[in-house]
1. Of all residues in the stretch B:34-64, which are open to solvent by less than 30 Å² (accessible area, probe 1.4 Å) and touching a helix residue (DSSP H, G or I) at 6+ places or on another chain (Cβ under 6 Å)?
2. Just name the residue that is nearest to the other protein chains (Cβ to nearest Cβ) out of those in the stretch A:187-211 that are of a type in the set (D, E) and more than 25 Å from A:V221 (Cα to Cα).
3. Taking the stretch B:310-329 as the region of interest, how many residues are part of a helix (DSSP H, G or I) and either aromatic (F, W, Y) or over 18 Å from the mean Cα position of the chain (by Cα) (or both)?
4. Looking at this structure, is A:T21 away from every other protein chain (no Cβ under 14 Å), surrounded by fewer than 18 Cβ atoms within 10 Å (Cβ to Cβ) and modelled with pLDDT under 95?
5. Being assigned to a helix (DSSP H, G or I) and either modelled with pLDDT of 90 or more or within 8 Å of another protein chain (Cβ to nearest Cβ) (or both) is true for just one of B:L337, B:L369. Which residue is that?
6. Quick check on this structure: which one of B:L104, B:L69 is outside any helix (DSSP H, G or I), of a type in the set (A, V, I, L, M, F, W, C), within 19 Å of B:N123 (Cβ to Cβ) and open to solvent by less than 20 Å² (accessible area, probe 1.4 Å)?
7. Between a first residue in the stretch B:44-57 that is under 18 Å from B:A84 (Cβ atoms) and at pLDDT 95 or above and a second residue that is crowded, with 17+ Cβ neighbours inside 10 Å and of a type in the set (V, I, T), which pairs have beta carbons less than 6 Å apart while being 6 or more apart in sequence or on different chains?
8. Please verify whether A:V298 is in contact (Cβ under 8 Å) with a residue 12 or more places away in the chain, more than 9 Å from chain B (Cβ to nearest Cβ), assigned to a loop (DSSP other than H, G, I, E, B) and open to solvent by 10 Å² or more (accessible area, probe 1.4 Å), treating the condition exactly as stated.
2 protein chains.
Amino acid sequence: MTGIKLAVIGYGGMGSYHVETILKNETAIEVVGIYDILTDRKEAAAEKGWYCFSDLEELLADEAVEAVLIATPNDSHKDLAVTALRAGKHVVCEKPVTLNVAELDEILSVAEETGNIFMVHQNRRWDPDFLIIRELYKKQQIGELFQIESRVHGGNGIPGDWRHLKKHGGGMVLDWGVHLFDQLLWLIDSPIKACYSDLSYILGDEVDDGFMVHLIFENGVRALIEVGTTNYVNLPRWYVKGTAGTAKIEDWDLSGEVIRATGKEQQTPKPIQAGVGLTKTMAPPSKEATEALTMPEVLETFPSFYQNFYEVVRQGAEPIVKNEEVRYVLELIESILSKGEQSSVDNCQEKLLRDIDAAEMKRETSKALV
Amino acid sequence: MTGIKLAVIGYGGMGSYHVETILKNETAIEVVGIYDILTDRKEAAAEKGWYCFSDLEELLADEAVEAVLIATPNDSHKDLAVTALRAGKHVVCEKPVTLNVAELDEILSVAEETGNIFMVHQNRRWDPDFLIIRELYKKQQIGELFQIESRVHGGNGIPGDWRHLKKHGGGMVLDWGVHLFDQLLWLIDSPIKACYSDLSYILGDEVDDGFMVHLIFENGVRALIEVGTTNYVNLPRWYVKGTAGTAKIEDWDLSGEVIRATGKEQQTPKPIQAGVGLTKTMAPPSKEATEALTMPEVLETFPSFYQNFYEVVRQGAEPIVKNEEVRYVLELIESILSKGEQSSVDNCQEKLLRDIDAAEMKRETSKALV
């Protein structure tokens, strides 16, 4: 097959990774050139042997270019996408697609009007760790999953330059959050009933350096999504509970545990010493009550993102990453960010103001034990 | 010294553990007899050589009895405590002290009126794992702690009989929750600003079989408290983040990690492969950026619960477990339980009702990839 002739706009971290690592292995795509506004990035692309367009006009006027990849800072996605679609190009856009739903809707209406394809590179739907969780959710090896905890923890703070700035769409909700929400909302085929969020501003940036979001779905599933950039010890990437077991994936290496309840009548668990007390509740289940399963293999296969993009453009196939799904994730993100720093304080269960008296009492009297 | 002569009311799981394990080692206490309404529990106590009171009246009329320990189902604490205080006894009460604040206030007013001592056995303030976290919080080996996650996970469901029933004060918020909240609110000397909670009803009991509670304190500290009884794989008992590091205590054995940021200028972390993408943000910090500390030892010592009880009764010392602290915890619990099953749904950030349309769209179109 002849790959789609694609030009890349933005040869920064993601753009160059895209070109040098992903696209080189894709027969569905033929990279025909690069455009970047920065001289050093142009030079870097030229050094790799890529043709560099002198400006955006040249790129868009080039009839050999069928599609563009937009891999620029987040706040520039909308204008570039609209311009490229109007110039007759199909568009692949890096995530997060735009800074808000209104921007996305503008793109989508231009895509509809022009008949050109617009797809967002939500590549982490292909992550092996996520696909294992998806397998557990669909095949129910440990029963119906009713609690899904998805975390990424790092200790390096927010990377790079524009990712620290609000106007460019920085912050972790838009950076890693969009991946984790996209995975989850793609997986769970039920509307969101409730959302609680707490953003973190430890590093003193104007954007969030992490967050915790708790979602409740109409079907009863709970999800905890957490991103941290000030974590020097990591909690597991995934922790999920099913009606007949629990699974944990520690890290990107897919190490972890899948424990299933056998359903065999278990002996009363033996109490264990826990701190200064005994506990039966928190004792390990008796031996016959559980069994360890091997981590499921993912047998289901589907085309790569770019293979699918090719099939959508050339054959009218259905996109794997659908724009209405992207829009739904962005609605959630917009709602979380609009609450900002005060989200959880202003909107939580109860302010407990009536407890202020008790708290005052506590402050005055809780110093005895030192 | 001559120990306080104490009679035990309730020789069930906690009562018998109390008598046979804790009190035998306490020179501050001399157990003088047992009272239980159940014949088989009376016989069990008698077999161990304890004097068994034939009824409560006999116990309360016995002038040799200075104090009672109440270790009965939770809904009976209030009446027993009030009766014992009025009969001139000091009272130690098992946790949770009562089912609600009104009951506790009734007890406290009788204690004040009679001048007798009333103390609640919040014994987990003495748990070594908790005392390590307290040490980290006070001594700031990894900076100021701003995020504290406290979890207990078990896979045995709710134990016993009455703990399944609402009218007896069953459920995990009142069982393990009261310990975890007590530890936390004792530790953090700042009023609660906000509370979000989600109770779990997986086992089909009328009471909660676990919960997740997120607290925000006036001083900015966040706490996540979680209890689960359907967890076949456990997350760490403690996970805490400080401004200069992270610590984790895995289990009751106190294994874990304490990692401190050195503050040395670190090299840009090397991106790692994470799923199908690369990440610098979630890459391990460069080697010189962090160092492992040994788990802190707890050097601060304070009297045991019963030694303190002795000193309070005999010497007018200040109680370590103060009734206003117990009341504050109970206020929090009452607020969480009053929201019940619907807590998080009715009271969360946003219902996202405007997303229903998008969700409908999603349901109709998200089946392509199978």
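1. Result: B:I34, B:D36, B:F53.
2. Residue satisfying both the conditions and the ranking: A:D209.
3. Selection size over the stretch B:310-329: 7.
4. The answer is no for A:T21.
5. B:L337
6. Going through B:L104, B:L69 in turn, just one is outside any helix (DSSP H, G or I), of a type in the set (A, V, I, L, M, F, W, C), within 19 Å of B:N123 (Cβ to Cβ) and open to solvent by less than 20 Å² (accessible area, probe 1.4 Å): B:L69.
7. What qualifies is B:C52/B:I34.
8. yes
The values are calculated or read from the model by the stated rules, or taken from the named source; none is laboratory data. Quick caveat: nothing in here was measured; it's all calculated off a predicted structure. Positions of Cβ are generated from backbone atoms using ideal geometry, with glycine treated the same way; all protein chains shown enter the neighbour counts. The accessibility values were calculated without ligands, DNA or RNA, using every heavy atom of the protein model including side chains. Shrake-Rupley method; radii C 1.70, N 1.55, O 1.52, S 1.80 Å.
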